[in-house]
1. Keeping to the stretch 20-41, report how many residues are surrounded by fewer than 16 Cβ atoms within 10 Å (Cβ to Cβ) and touching a strand residue (DSSP E or B) at 6+ places or on another chain (Cβ under 8 Å).
2. Can you find, within the stretch 205-254, the residue that is surrounded by the most Cβ atoms within 10 Å (Cβ to Cβ) among those that are aliphatic (A, V, I, L, M), within 28 Å of Ser162 (Cβ to Cβ) and out of contact with any helix residue (DSSP H, G or I) (no Cβ under 8 Å at 6 or more places or on another chain)?
3. Among the residues that make up the stretch 96-116, is at least one of them assigned to a loop (DSSP other than H, G, I, E, B), modelled with pLDDT of 90 or more and either in contact with a helix residue (DSSP H, G or I) (Cβ under 6 Å, 6 or more places away or on another chain) or among the small types (Gly, Ala, Ser) (or both)?
4. Consider Phe86 against the criteria (1) modelled with pLDDT of 95 or more; (2) within 19 Å of the chain's Cα centre (by Cα); (3) aromatic (Phe, Trp, Tyr): it satisfies all of them except one. Which criterion is unmet?
Amino acid sequence: MLEVKRAQKTFFRDTPNERAALNDLSLTLNPGEFLTVIGSNGAGKSTLFNAITGGFLLDGGSITLGGEDITWLPPHRRAFMIGYIFQNPTRGTAPSMTIEENLALAYSRRKKWPLRKGVSKEDNSFFREHLARFEMGLEDRVKDKVGLLSGGQRQALAMLMSTIARPRLLLLDEHTAALDPAAAQNIMRITDGIVREQKLATMMITHNIRQALDFGTRTIMLEDGKIVLDMSGDERQNMTISRLMERYSRLRVM
């Protein structure tokens, strides 16, 4: 379980540009819950992810994951617990290494140390089996360098790399935004399948409102570093894009 308690982060403090990016924000994410995160630019979505991954330390509040207080842990320690996929398909993979070498490095996180890129015959079969599920032909290209892959293929690989070691939490930061519609749809199919199969606690930032409502089990909306809307169950299931945008407009002027 992820628990963020009264998180506070202010940038450019005591200057004319002072901005409260996280404003006493509290959030609980249960095991297996798939949370989609929406909000305007500057609402605090990426700031929240950076706080969880250790991109910076909070000014106030705490973060626990799986019962462990990670508030002050450095990013490399949190990386063993958290899978993170970025918007840019070129991030999160090593382009000069092969598919199987990238997967070997990610898989070795299960043992935490040392990281290795050597691939055993058993690991190779394991990787090929998982790649075949994507139906992209990657299982037959394990010796290819990752730099030769398309954006969609690299995001599929990044998804497997981020989840193959069974993290406690998966963070998806607009991970389909840079892809063409067909590739984005395929990556969401892969994402949904992995999250359901592993029962992963997952948070996904998206600006695609349709995507935010179609996937996951819960949706939150951020504004000015606070959660202004939290929907699940029947309320979320019956929500339409037009009604959600209308409600958002009302919340922004409150």
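1. Residues that pass the stated criteria total 7.
2. Across the stretch 205-254, the extreme among qualifying residues is Ala212.
3. yes
4. (1)
The values are calculated or read from the model by the stated rules, or taken from the named source; none is laboratory data. If you're wondering where the values come from, they're calculated on a predicted model, not measured in any experiment. Glycine gets a Cβ as well: all are built from the backbone with ideal geometry, and neighbour counts include every protein chain shown.
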